[in-house]
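Structure first, commentary second.
No value in this document is a laboratory result; all are computed from the given coordinates. Predicted model only: the values in this text are computed from it and were never measured. Backbone-built Cβ (ideal geometry, glycine too); neighbour counts: all protein chains shown.
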Amino acid sequence: GSTLLDLMVSGHSNVVGLGEVFAVINEGSKSLIDNEQKICSCGAHLMDCEFWGVVHKRLKDKNLNHEEAYLEVFNIFRDVNGEGTIPLDSSKYFPNLQYLHDKVDNIKVLFLVRDVRSFTISQIDKIKKKGNSLSVQKRFLRGNPFPIFLKWYLTNKKMNDFLVEKNMSFLQVGYEELCLRPKIIMNKVCDFLEIEFEEDMIYLG
């Protein structure tokens with residue numbers, strides 16, 4: 001769902017989707033710095049990309065911890081694209097939102113929520129596909145959806161409570177509504193982001 005929302009919002013001429021930034025710069029063998037041969041979604045080699053190439057070089061030259069590197073990505077984005085362009089980060093790592101709240105002004109959060117019924121079915125299907133390789137505890141979930149309902153409720157409640165407590169600007173977006181009524185929902189998203197709706201946002205082909 002987050003991938004679809006990312007593609008649609010970044011279809012706007014003033015928005016650039018960066019993917020899951022917190023995962024891209026993750027420390028360790030899969031980090032951005034250790035993968036110079038990667039190809040960017042723009043089609044360019046990582047080192048030749050006008051944005052990620054700069055990110056790679058600057059992070060490699062600086063001794064930053066993970067949170068500092070995460071923030072530096074947005075500083076570089078502003079340097080490369082100017083103040084008028086909006087960076088869109090689809091990271092799902094909860095602490096990164098706390099860090100942005102503490103360090104960055106004017107953050108707007110699109111809080112994507114999937115219907116509990118489709119969420120539960122998808123979770124059960126994943127468990128069934130893995131079969132007997134799973135633990136007894138996870139196999140139990142195949143016939144008992146209640147723990148999955150509970151996971152859905154607690155996860156979304158945690159995020160909602162955090163956004164309210166921190167007084168962050170957010171818009172809750174239903175995944176199923178986005179799929180069934182893309183133009184209506186994207187108009188609401190644009191109103192929230194204070195940008196004009198563009199037809200390219202709902203035509204992904």
On full extension of the chain, what length is gained from I124 through Y99, given 0.36 nm per residue of separation minus the C-alpha to C-alpha distance?
5.7 nm
Match the structure shown to one of the listed values (1) 12.5; (2) 13.5; (3) 18.1 of mean projected area of the Cα convex hull in nm², computed from it, and give that label.
(2)
Restricting to the chain, what percent of DSSP beta bridges are antiparallel, rounded to 5?
10
Whose amide H sits under 5 Å from the amide H of G174, counting only residues 5 or more places off or on another chain, with H placed in the peptide plane?
V113
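What does the charge add up to near L18, with Lys and Arg as +1, Asp and Glu as -1, over the other residues with Cβ less than 11 Å from its Cβ?
Details: positive: none; negative: D6, E20, D89.
That sum, taken over residues with Cβ under 11 Å, equals -3.
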Check the straight Cα-Cα distances from K38 and name the aspartates and glutamates below 17 Å, setting aside those fewer than 8 residues away within the same chain.
E20, E27, D48, E50
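Using only alpha carbon pairs under 8 Å that are at least six residues apart, calculate the relative contact order of the chain and give it in whole percent.
Values: 192 pairs, mean separation 53.4, N = 205.
Normalised by residue count, the contact order of the chain is 26 percent.
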Convert each backbone phi in the stretch 179-186 into a coupling constant with the Karplus relation 6.51 cos²θ - 1.76 cosθ + 1.60 (shift: θ = phi - 60°), then list the ³J(HN,Hα) values in order as whole Hz, x for Gly and Pro.
6, 7, 10, x, 5, 4, 5, 5
Out of residues 5 or more away from N26 or on other chains, whose amide H comes under 5 Å of its own, with H placed 1.01 Å from N in the peptide plane?
L32
About the Cα centre of the chain, how large is the charge dipole given +1 on each Lys and Arg Cβ and -1 on each Asp and Glu Cβ? Please answer in debye to the nearest 20.
1520
Scoring only Lys, Arg, Asp and Glu (+1, +1, -1, -1) among other residues with Cβ under 11 Å from the Cβ of S2 yields -1
In order over the stretch 73-78: 3J(HN,Hα) from phi, Karplus 6.51/-1.76/1.60, θ = phi - 60°, whole Hz, x for each Gly or Pro, gives 4, 6, 5, 5, 4, 5
Points 7 angstrom from Cα along the Cβ direction at K157 and E67: gap in nanometres?
2.7
Can you compute the helix-only [θ] at 222 nm over the chain? Use -39500 (n - 2.57) per DSSP H run of at least 4 residues, normalise by all residues, nearest 500 deg cm²/dmol.
-15500 deg cm²/dmol
Charge tally for neighbours of E196 with beta carbon under 14 Å away, counting Lys, Arg as +1 and Asp, Glu as -1, is -3
Taking the dipole about the Cα centre of the chain, with the C-beta of Lys and Arg at +1 and of Asp and Glu at -1, give me whichever of L88, F119, S13 is farthest to the positive side.
F119
When the label point is put 7 Å from the Cα of F111 along its Cα-to-beta-carbon vector, which residues of the stretch 171-186 have a backbone N closer than 12 Å?
171-174
